[in-house]
Amino acid sequence: MHIADGFLPAKVCLTGYAITGAATWFSLRQIRRDPDPQANIPKASLLTAAFFVGSLIHIPVPPASVHLILNGLLGAVLGYYAFPAILVGLFFQAVMFQHGGMSVLGVNAAMMGIPALLSAYVFQFRHNFGSDNRTTLSVLGFLAGALGVGLSGLIFFAIVVTNVPSNLNAEAERSAVWLLTLSQIPLVVIEGLFTSMLVLFLQQVKPKLLQ
């Protein structure tokens with residue numbers, strides 16, 4: 001779901017960097033309000049590595065292949081740490097494997113990071129029903145995981161179909177993007193189930209990781 005270098009016009013790339021800068025500032029500001037912000041750095045580092053590696057695991061879903069995004073999972077487990085974690089992961093993906101690129105790093109970070117923050121807010125609703133309620137954890141974990149990748153897919157679709165380069169066949173490109181977006185539907189379910197199972201596991205073995 002990465003947007004490649006050279007596809008988007010400069011104004012869209014600059015807008016992406018502006019949004020990412022604002023979201024990073026907001027996230028770091030909230031993190032600094034934590035009584036001990038450094039305590040969550042090891043957890044954030046571990047999940048950043050998982051986000052980085054997830055892009056290398058491709059699942060064939062005709063007519064394309066998809067890979068795990070895990071942004072909803074990062075939002076549910078990391079909260080405000082999710083956006084900086086995703087930004088760092090995308091940076092190394094671009095540098096080491098050319099997934100995306102530096103000119104579109106801001107767009108890709110906003111596309112995946114903002115849904116992660118929304119997933120974090122969704123998962124926090126568990127406190128309204130009792131944070132140790134397994135049914136609540138399961139349902140909200142699924143919603144957080146599915147929301148992260150689902151909303152990112154919709155943002156990807158909106159950005160790409162409105163910025164098809166003039167030298168390409170716009171109708172053919174839009175049809176291809178439609179098919180690519182539809183191929184993400186199984187991934188929405190997979191990530192929702194994976195996030196749900198993981199938060200249930202963490203609640204059982206290490207509930208402090210969900211605080």
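Partners of Lys43 within straight-line reach, counting lysines whose Cα lies under 20 Å from its Cα and excluding those fewer than 8 residues away in the same chain: Lys206, Lys208. Segment Gln98..Leu193, full-extension length gain: 31.3 nm, with 0.36 nm per residue of separation and the alpha-carbon distance subtracted. Solvent-accessible surface (1.4 Å probe) assigned to Val188 amounts to roughly 40 Å². Neighbours of Phe142 by Cβ distance under 15 Å: Lys/Arg scored +1, Asp/Glu scored -1, total +1.
The values are calculated or read from the model by the stated rules, or taken from the named source; none is laboratory data. What you are looking at is a predicted structure, and each value in this text was computed from that prediction instead of being measured. So basically every Cβ, Gly included, is an ideal-geometry build from the backbone, and we count neighbours across all protein chains shown. Accessible surface areas use protein heavy atoms only, side chains included; no ligands, DNA or RNA. Shrake-Rupley method; radii C 1.70, N 1.55, O 1.52, S 1.80 Å.
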